[in-house]
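In what follows, a structure is listed as structure tokens, so that the remarks can point back to it.
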Amino acid sequence: MAQEIELKFIVENGSVDALRTHLHQLTGEHHAPVQLLNIYYETQDLWLRRHDRGLRIRGVDGRYEMTMKIGGRVVGGLHQRPEYNIDISQPELELARFPAEVWPDGQLPDDLAERVSPLFSTDFWREKWLVNEGKSRIEIALDLGEVKASEFQEPICELELELLEGHADDVLKLARKLVTLNGLRQGSLSKAARGYHLAQGNAPRILKPTEILRVAPKSSVEQGFAASLELALSQWQYHEELWVRGVKGAKAEVLAAMALVRHSLTLFGGIVPRKASAHLRDLLTQVEALMASEVSAETAIYSPQTATAKLTLTEFLINRGWRTFLDAKAQAKIEDSFKRFADTHLSRHAAELKTIFGHPLGDQYGDQLIRLARNIDSILLLAGAYDGPVARAWLENWQGLLYAIKTRQHIEIEHFRNEAISQEPFWLHSGKR
């Protein structure tokens, strides 16, 4: 078993030659392109996918390797996950050769070998450079080709930084040097994820409104803070993909996700001081200014400013970059219960909303849009410790009010305002339970 640690970037087609030239200047350890043929396997009921497994056979120069990847942690484009690689003599699965720890129940399911079959494939040329960064050895791979499933296909134009030995921090340090170039976009969708999408019919990718953040039971405030930022980054990257594909409304969702990053920093600002995120917030300002101009999606998304901002947020999360800014009092608070933190802040936001909208505002509703949106974002980040349907129903009235104000539906405004302010709290310690 190996622990795969790699950082993925999507490369703009027109930037490939300049990137290749830069990598040649970066290191003299270069390996010419070789063709990699990969077949990914799955059952009809997606058993592997449901158990966070990815199974493939890779062929290169007449040699074959069987690989099982197990779902680990993905933050931004940084993947950290276990993988098991076994050399095989021919391109046929030999599932019994995987160790018992690969399987969810500690043993190979009896009928799995008969149930799996090829689902999709990737065919690409991989060109590699080996780099020494800090105390680490890192492989940079440029992959050019396509992923195919049935009649559907999609181009592959990616750069991967994989840690061969050393520390994940050095992968991020090397990435910081590369994102000063135009044409790189930190991507969280793996080749396998794109293959599954094609295999399931290549349905149009649709906008995904931010859902209530779900956190593990008994999470600490720090875990809730990190989860909030990860949710915002995930929304950012997902809708960035849609924006570059021309999906209507995706740019607005990208900007909303960036605003959610800022709001997460503000929501936990009573514990994490502003100086901890000063550099990140400055970078967000630069990207917001770029996106506010009339540049194309490609120019904005593949810009050094955007790439640097997302990488900085990724690094902030991976290294818990706020910890060095916490004094003893803040350290104690951030280790406290997230649910207790959520209870307190849900009560505060509910009180603020009732104060603002406790009576009709006539023509002044538009003046409160920003405050309403800010409070909705807070509730999305805080309500996950409670019953999902009840929390969603409570929140939907405020979201309905927001939409009615934006679209100037006066009758609907008063309907949702009355419904929203009359709701009982769904959280504990609210003063009403």
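The values are calculated or read from the model by the stated rules, or taken from the named source; none is laboratory data. As the structure is a prediction and not an experimental result, all values here were calculated from the model. Because the Cβ atoms are built from the backbone with ideal geometry, glycine has one as well, and the counts that use them run over all protein chains shown. Heads up: the accessible areas ignore ligands, DNA and RNA and are worked out on the full protein's heavy atoms, side chains in. Shrake-Rupley method; radii C 1.70, N 1.55, O 1.52, S 1.80 Å.
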Among the residues listed as Leu163, Leu174, Leu144, Leu159, the single one being surrounded by 16 or more Cβ atoms within 10 Å (Cβ to Cβ), within 25 Å of the chain's Cα centre (by Cα), outside any strand (DSSP E or B) and not polar (S, T, N, Q): Leu174
Complete set of residues in segment 377-408 that are touching a residue at least 40 places away in the same chain (Cβ under 8 Å), assigned to a helix (DSSP H, G or I) and over 21 Å from Lys208 (Cβ atoms): Ala385, Leu401, Ile405
Residue that is surrounded by the most Cβ atoms within 10 Å (Cβ to Cβ), among those in segment 11-31 that are in contact (Cβ under 8 Å) with a residue 12 or more places away in the chain and more than 19 Å from Ile138 (Cβ to Cβ): Glu12
Pairs, first more than 19 Å from Ile57 (Cβ to Cβ) and part of a strand (DSSP E or B) in segment 102-127, second among the aliphatic types (A, V, I, L, M) and open to solvent by less than 50 Å² (accessible area, probe 1.4 Å), C-beta under 7 Å, six or more apart: Glu127/Leu142
In segment 73-131, residue nearest to the chain's Cα centre (by Cα) [restricted to those that are open to solvent by less than 40 Å² (accessible area, probe 1.4 Å) and basic (Lys, Arg)]: Arg81
Residues being surrounded by fewer than 16 Cβ atoms within 10 Å (Cβ to Cβ), touching a residue at least 24 places away in the same chain (Cβ under 8 Å) and not charged (D, E, K, R) - total across segment 271-286: 2
Count of residues meeting criterion [part of a helix (DSSP H, G or I) and closer than 30 Å to Leu178 by Cβ] in segment 18-51: 9
Qualifying position, being more than 25 Å from Asp327 (Cβ to Cβ) and open to solvent by less than 40 Å² (accessible area, probe 1.4 Å), among Ala232, Ala256, Ala289: Ala232
Qualifying residue in segment 307-321 (condition: more than 27 Å from Leu19 (Cα to Cα), loosely packed, with under 15 Cβ neighbours inside 10 Å and not polar (S, T, N, Q)): yes
Options Ile212, Ile271, Ile206; residue that is in contact with a Lys or Arg (Cβ under 6 Å, 6 or more places away or on another chain) and not basic (Lys, Arg): Ile271
